[in-house]
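Undergrad: Quick one: this structure, given as structure tokens, is what I'll be asking you about.
The values are calculated or read from the model by the stated rules, or taken from the named source; none is laboratory data. Please read all numbers here as calculations on a predicted model, not as lab measurements. FYI the Cβ positions are ideal-geometry reconstructions off the backbone, even for glycines, and counts take in every protein chain you see.
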Amino acid sequence: MKPIISPSILSADFAHLAKDIEMINQSDADWAHIDIMDGVFVPNISFGFPVLKYVAELSTKPLDVHLMIVEPQKFIPEVKALGAHTMNVHYEACTHLHRVVQEIREAGMQPAVTINPATPVTLLQDIISDLYMVLIMSVNPGFGGQKFIPHSLEKVRQLRELIDYAGANTLIEVDGGVNLETGKALIDAGADVLVAGSAIFGTPDPIETIRQMKAL
């Protein structure tokens, strides 16, 4: 089964955003990955809902929305209004994670949970069957272009075992330092979805790079 490829809009050229979104539309990419940062949960600020509305209007790919913010449950209606396919919240940002997951699903979106590099996958064992997807951060969240953390491969393997043991169909997504080399290792370890930013947008032919990632 071919991996799902979700190019990260955060690495696009915002002076020519429409052109880069159209590139994703024309490519073999499956989703468009959108990172929302608040400068509190992570040390950076990305873009707000007016920009996201523009992205949503232009994109023909399902939106894979990743909220790196405190109290993400407050923005379920706004993410829903974008027509998002997946709403991804951080384990570390949700005191009542099970409730947030239920609210995302009740809003008509697929619920996903992200874990930071220092968060063990075992903490998800009681909720794994309720999740459409788990995102493993393979860099510290907040900035693009960081170096891949090698231990992420072991976390993917552990998560795959946890999912299989539970008899769940949960997808494994990985974001951070993903390129053709690390992407192949991640797929071999059990990942289903690859998020890539600079490794796609920083190449001379992004459409060809996406095609190669899809073929991993």
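Undergrad: Filter segment 63-84 down to the residues that are buried (at least 19 other Cβ atoms within 10 Å of the Cβ) and in contact with a Gly (Cβ under 8 Å, 6 or more places away or on another chain), then identify the one that is farthest from M37 (Cα to Cα).
TA: L63
Every residue, every condition in (1) of a type outside the set (A, V, I, L, M, F, W, C); (2) at pLDDT below 95, yes or no:
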{"residue": "Y91", "(1), (2)": "yes, no"}
{"residue": "I104", "(1), (2)": "no, no"}
{"residue": "M109", "(1), (2)": "no, no"}
{"residue": "N140", "(1), (2)": "yes, yes"}
{"residue": "K147", "(1), (2)": "yes, yes"}
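Undergrad: Another one. Out of everything in segment 192-216 that is charged (D, E, K, R) and part of a loop (DSSP other than H, G, I, E, B), what residue ends up being surrounded by the fewest Cβ atoms within 10 Å (Cβ to Cβ)? If you could, list the steps in order and put the result at the bottom.
TA: Kept after step one, since they are charged (D, E, K, R), are these residues of segment 192-216: 192, 205, 208, 211, 214.
Add one more test, that the residue is part of a loop (DSSP other than H, G, I, E, B), and what stays is 192, 205.
Numbers: D192: 20, D205: 11.
The selected residue is D205.
Undergrad: A further question on this structure: Identify the single condition in (1) within 25 Å of A12 (Cα to Cα); (2) basic (K, R); (3) at pLDDT 95 or above that K74 does not satisfy, given that it satisfies every other one.
TA: (1)
Undergrad: Please tell me if L153 is within 24 Å of A196 (Cβ to Cβ), within 14 Å of the chain's Cα centre (by Cα) and at pLDDT 95 or above. Full working, then the answer.
TA: Details: within 24 Å of A196 (Cβ to Cβ): yes; within 14 Å of the chain's Cα centre (by Cα): no; at pLDDT 95 or above: yes.
Considered against the rule, which asks whether it is within 24 Å of A196 (Cβ to Cβ), within 14 Å of the chain's Cα centre (by Cα) and at pLDDT 95 or above, L153 comes out as no.
Undergrad: Here's something else I'd like to know. List every residue pair whose Cβ atoms sit under 6 Å apart, with the two residues 6 or more apart in sequence or on different chains, where the first one lies in segment 7-35 and is aromatic (F, W, Y) and the second, anywhere, is modelled with pLDDT of 95 or more.
TA: Close Cβ pairs satisfying both conditions: W31/S6; W31/K61; W31/P62; W31/D64.
Undergrad: List, please: which pairs have Cβ atoms under 9 Å, are six or more places apart or on different chains, and start with a residue in segment 58-73 that is in contact (Cβ under 8 Å) with a residue 60 or more places away in the chain and end with one that is in a helix (DSSP H, G or I) and crowded, with 19+ Cβ neighbours inside 10 Å?
TA: M68/A93
Undergrad: Being within 17 Å of the chain's Cα centre (by Cα), farther than 24 Å from R211 by Cα and free of Cβ contacts under 8 Å to residues at least 40 places away in the same chain: is that true of Y54 here?
TA: no
Undergrad: Going through segment 31-62 one residue at a time, which ones are surrounded by fewer than 20 Cβ atoms within 10 Å (Cβ to Cβ) and acidic (D, E)?
TA: Those that are surrounded by fewer than 20 Cβ atoms within 10 Å (Cβ to Cβ) and acidic (D, E): D38, E57.
Undergrad: Applying the selection to segment 118-127, what residues are surrounded by fewer than 20 Cβ atoms within 10 Å (Cβ to Cβ) and either free of Cβ contacts under 8 Å to residues at least 40 places away in the same chain or in a helix (DSSP H, G or I) (or both)?
TA: Keep residues of segment 118-127 that are surrounded by fewer than 20 Cβ atoms within 10 Å (Cβ to Cβ), which gives 118-120, 122-123, 125-127.
Within segment 118-127, A118, T119, P120, T122, L123, D126, I127 qualify.
Undergrad: Moving to a separate point now. Can you give me the number of residues within segment 93-116 that are surrounded by fewer than 16 Cβ atoms within 10 Å (Cβ to Cβ) and either in contact with a Phe, Trp or Tyr (Cβ under 9 Å, 6 or more places away or on another chain) or in contact (Cβ under 8 Å) with a residue 40 or more places away in the chain (or both)?
TA: 1
Undergrad: So which residues in segment 145-177 are in contact with a Gly (Cβ under 8 Å, 6 or more places away or on another chain) and not in a helix (DSSP H, G or I)? Step through it out loud before you land on a result.
TA: Taking segment 145-177 as the starting set, the residues that turn out to be in contact with a Gly (Cβ under 8 Å, 6 or more places away or on another chain) are 145-149, 152, 156-157, 159-160, 172.
Scanning segment 145-177 gives G145, Q146, K147, F148, I149, I172.
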